[in-house]
Amino acid sequence: MSIMRRVIERVAQVLPDRQQDELPSARRYLSQPVDRLDGIDKVTGEARFSAEYRVQGLVYGAIAFSTIAKGIISHIDTTDAEKAPGVIKVFTHLNAPPMKVPRSFSIGAEPSVGGSAVKILNTDRISWNGQPIAVVVADTEERAEHAASLVAVSYSVEEAVTSFESAIAHAHTPKDVLGESPELVKGDPDAILRSAPHRVDLTFTTPPYNHNAIEPHAAIAVWENHRLTVFDTSQFTAGGANSLADIFGLKKENVKLLAPFVGGGFGGKGTMWFYNQLCAMAAREIGRPVRIALSRKGVFRIVGGRTPSRQRVAIAADGSGAFAAFIHEGVTAQSTDNNFPEQFSFPPRHLYAMQSYRIGQQVTTVNRVANTFMRAPGESIGTFAVECAIDALSYELKMDPIELRMRNEPETDPVSGRPFSSRYLREAYAMGADRFGWRNRPAAVRAQRDRGWLIGQGVATGTYPVYRMVTAVRLRLNDDGTVVVQTSCQEMGMGTATVQTQHAADRLGLPLDRVRFEYGDSSLPWAGVAGGSSQTISVALAVQEAAAKLVKELLSLAGKNGNSPLARADANEVQPANSGLFLKAMPAIGETYVDILRRAGRTFVETDVTTGSPLEIMKYSMHSYAAQFCEAAVHEETGEVRIRRWVGAFDTGRILNPKTATSQFRGGIIMGIGMALTEETMFDDRTGRIMNPGLAEYHIPVQADVPEIDILYTDVADPYTPLGAHGIGEIGITGVAAAIANAVYHATGKRVTDLPITLDKLL
Ligand code: MOS
């Protein structure tokens, strides 16, 4: 354990418990299904995405990608490319200016977000098949793309490790996994497993997956002297701006990254993926604004995705179903130039009571583009293995799979021993089972048929941690009674701006239309990455603290004026309501914000706050939970799998906006259906090249693949989180692949342990 970690643990032990937030009792907007404030702009095309800004004198960049996985560029010839029509400049490693490598991503600590240490266009070394080797700038995008195809290159090829399966033999234990111990052991699980009356021991594999947000990655870079402005599709504006400052040796205040609208991120827009860096480089060199918009294929070549994994889950149980031994171990892959051993072994650290365990993971290295965050990295693939193994054990025990899970519900966190801040998984299962009609499910496999289809029902638990990031907010109250809330956070379609506007309006007792939430601009007060499902509560706490500070300031202004009814009031005696501050004891007595500012002769009052570190997560085991219910049909002759029904019951603290929340949960489940049934990045192991780089051959679920999805939630406030809420962006995908595999088993009696569950595996 690091010294810092030990200090934080000590501080956490003496922390007072967080007080329940006294949000004004008049909660008019939070908990209501408020429509997205940006909805009209999006459906009418008013919302501008990164590639769509109209910039004077804009020219276009296109990237040429390497076609080998490892080696040295021995010769590169740009003559034809330079002579092609419309070409302004061709950059290769021979003429690109030196650029620093940004510091790598690390949650909560480093403000930079490098995804890989490869020195793009500053080296002749190739580290993966798809690495940018040239950037062509031309007067149109088509001409740039054409010229990029004319760059002629020869390589001195070196032997590459392109196959995950063959790299597994060289796996090693990483120093840590996302700051946690790579392996945890209690007792002797192997011995217990050997002599256990009931056991399962299964190996699971999951393939690599690629990011396919609706908006492909794109940037426009504009230089004015030494100031850089970049429109970039980002889920971390401040981190991206810091990285660009690192790369080009600029002062942070001279870089501005703007991303007011982002068409989905899912983790694929949290770190730097070269196109934005190359765009800024080219713009500076030629002295004109440049745009680089990746094609779908370009995204596959240079933006990392989810690691493949091989996982073993072995569980020993006594006759009552109690877990006597629990083993979860395995390997993921990362690239030669990054450090991200995806945390698949996290779920069992918090889900089940276990007498003994060994929970850990290893990592191996391949010559592929750096892997990265993808919606619930770790928990998505980890729950697949764990929840399928538990399902298998339930048949071994002849016990209902929900009952088996409930018998192993822990009192406190099974590994850390810390109390849970809030855990209502039992309630989620009860709600979900009731809605799904679980009691009508026959216990036996292959027991339901419908005109050539075998039908089955499966369940699985989903889980995701509660994270919170240090966040700053500026709150400005104007003399017309409007409020502006500013923070550099991101809106990728989740409803961030809507929910935070609801929150600020309730917090200050204002109508919704009196609040403007400004975000998506790195020059605003610091907000962390829109990742780890952390953004909502992180920003909420900052808004809460800024509002409290504003109230104090308004009271001190009022106190300077003997005629104000608030002149002698104390902060805890007043509450914001009806566009002003009023006495709690006598709600008719008080003043509007407009009046307070007018008496004080002020045009505005502004407060800035930065929240503290999330010490509460060192003190409590803080997680979200889901009970996922799936009904699947498997065609007896073709092996085709259809998802027929879905119920997801979530325990994620208070739901702040049922409309946007339901949409988040559904989106996660749909992404999980793709992960389970159709998505898979195919590598040619001879060359390390991705062979299905596009939506024609990489199949994400479409409307016809998705049934009606029923969403339920416990809606119980977590007393230790801002607004009692949890993040909900990632929990939706967790448990989904397992629930599907378990339903397929129930339908067919075939246990598929290798994702995706394609029809060949069922015939
Ligand atoms: Mo999420 S994978 O942290 O964007």
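The values are calculated or read from the model by the stated rules, or taken from the named source; none is laboratory data. On a predicted model such as this, the values are computed, not experimentally measured, just so you know. Virtual Cβ from ideal backbone geometry, glycine too; neighbours counted across all protein chains shown. Just the protein is used for accessible areas: all its heavy atoms, side chains included, with ligands, DNA and RNA removed. Shrake-Rupley method; radii C 1.70, N 1.55, O 1.52, S 1.80 Å.
Filter region 481-500 down to residues that are farther than 28 Å from GLN575 by Cα and open to solvent by 10 Å² or more (accessible area, probe 1.4 Å) and give me whichever is nearest to the ligand (Cβ to nearest atom).
The residue in question is MET492.
Would you confirm whether any residue within region 461-474 is more than 26 Å from the chain's Cα centre (by Cα) and open to solvent by 50 Å² or more (accessible area, probe 1.4 Å)?
no
Quick check on my filter: what residues within region 114-133 are open to solvent by less than 40 Å² (accessible area, probe 1.4 Å) and closer than 16 Å to PRO97 by Cα?
In the first step, residues of region 114-133 are kept if they are open to solvent by less than 40 Å² (accessible area, probe 1.4 Å); the result is 114-116, 118, 120-121, 123, 126-133.
Hits for region 114-133 are VAL118, ILE120, LEU121, THR123, PRO132, ILE133.
Would you mind telling me which numbered condition in (1) part of a helix (DSSP H, G or I); (2) among the aliphatic types (A, V, I, L, M); (3) more than 16 Å from the ligand (Cβ to nearest atom) LEU257 fails?
(1)
To keep it simple, each residue is scored yes or no on (1) open to solvent by 20 Å² or more (accessible area, probe 1.4 Å); (2) of a type outside the set (A, V, I, L, M); (3) touching a Lys or Arg at 6+ places or on another chain (Cβ under 6 Å).
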position	(1), (2), (3)
PHE665	no, yes, no
ILE669	no, no, no
ALA676	no, no, no
ALA696	yes, no, no
PRO701	yes, yes, no
ILE709	no, no, yes
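Checking GLU183 against (1) within 24 Å of GLY528 (Cβ to Cβ); (2) open to solvent by 50 Å² or more (accessible area, probe 1.4 Å), which test does it fail?
Going through (1) within 24 Å of GLY528 (Cβ to Cβ); (2) open to solvent by 50 Å² or more (accessible area, probe 1.4 Å) one by one, GLU183 breaks only (1).
Identify the single condition in (1) in contact with a His (Cβ under 9 Å, 6 or more places away or on another chain); (2) open to solvent by 70 Å² or more (accessible area, probe 1.4 Å) that ILE76 does not satisfy, given that it satisfies every other one.
(2)
In this structure, does VAL299 turn out to be aliphatic (A, V, I, L, M) and either away from the ligand (no atom under 16 Å from the Cβ) or surrounded by 24 or more Cβ atoms within 10 Å (Cβ to Cβ) (or both)?
Details: aliphatic (A, V, I, L, M): yes; either away from the ligand (no atom under 16 Å from the Cβ) or surrounded by 24 or more Cβ atoms within 10 Å (Cβ to Cβ) (or both): no.
Criteria not met by VAL299.
From the list GLU403, GLU379, pick out the single residue that is closer than 26 Å to ARG751 by Cα, open to solvent by 30 Å² or more (accessible area, probe 1.4 Å) and at pLDDT 95 or above.
Working: GLU379 fails: open to solvent by 30 Å² or more (accessible area, probe 1.4 Å).
Sole residue among the options that is closer than 26 Å to ARG751 by Cα, open to solvent by 30 Å² or more (accessible area, probe 1.4 Å) and at pLDDT 95 or above: GLU403.
What is the one condition in (1) open to solvent by less than 30 Å² (accessible area, probe 1.4 Å); (2) more than 24 Å from THR496 (Cα to Cα); (3) touching a Lys or Arg at 6+ places or on another chain (Cβ under 9 Å) that GLY732 does not satisfy?
Only one criterion is unmet by GLY732, namely (2).
Going through ASP201, ASP176 one at a time, which residue ends up being surrounded by fewer than 19 Cβ atoms within 10 Å (Cβ to Cβ), charged (D, E, K, R), closer than 28 Å to ALA353 by Cα and modelled with pLDDT under 95?
On the way: ASP201 fails: modelled with pLDDT under 95.
Unique residue meeting the criteria: ASP176.
Considering only region 336-350, I want to know if a residue exists there that is open to solvent by less than 40 Å² (accessible area, probe 1.4 Å), closer than 30 Å to THR748 by Cα, not hydroxyl-bearing (Ser, Thr, Tyr) and not in a loop (DSSP other than H, G, I, E, B).
Scanning region 336-350 turns up at least one residue that is open to solvent by less than 40 Å² (accessible area, probe 1.4 Å), closer than 30 Å to THR748 by Cα, not hydroxyl-bearing (Ser, Thr, Tyr) and not in a loop (DSSP other than H, G, I, E, B).
Would you tally the residues in region 501-538 being away from the ligand (no atom under 16 Å from the Cβ) and farther than 21 Å from LEU257 by Cα?
Count: 15.
Is it true that some residue in region 256-277 is of a type in the set (D, E, K, R) and within 24 Å of GLY672 (Cα to Cα)?
Checked region 256-277: at least one residue is of a type in the set (D, E, K, R) and within 24 Å of GLY672 (Cα to Cα).
Mind checking which strands (runs of 3 or more DSSP E) fall wholly inside region 553-634 and carry at least 2 residues that are farther than 20 Å from ASP480 by Cβ?
In region 553-634, the matching strands (runs of 3 or more DSSP E) lie at 574-577, 604-610.
Table: residues versus (1) assigned to a helix (DSSP H, G or I); (2) in contact (Cβ under 8 Å) with a residue 40 or more places away in the chain; (3) farther than 24 Å from GLU730 by Cα.
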| residue | (1), (2), (3) |
| --- | --- |
| MET354 | no, yes, yes |
| ARG358 | no, yes, yes |
| VAL363 | no, yes, no |
| VAL369 | no, yes, no |
| SER380 | yes, yes, no |
| ALA385 | yes, yes, no |
| CYS388 | yes, yes, no |
| ALA392 | yes, yes, yes |
| GLU409 | no, yes, no |
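Residue pairs, Cβ under 7 Å, 6 or more apart or interchain, first in region 121-150 and closer than 23 Å to ASN210 by Cβ, second part of a loop (DSSP other than H, G, I, E, B) and basic (Lys, Arg). List them.
Note: pairs meeting the criteria are ILE126/LYS70; SER127/LYS70; TRP128/ARG368.
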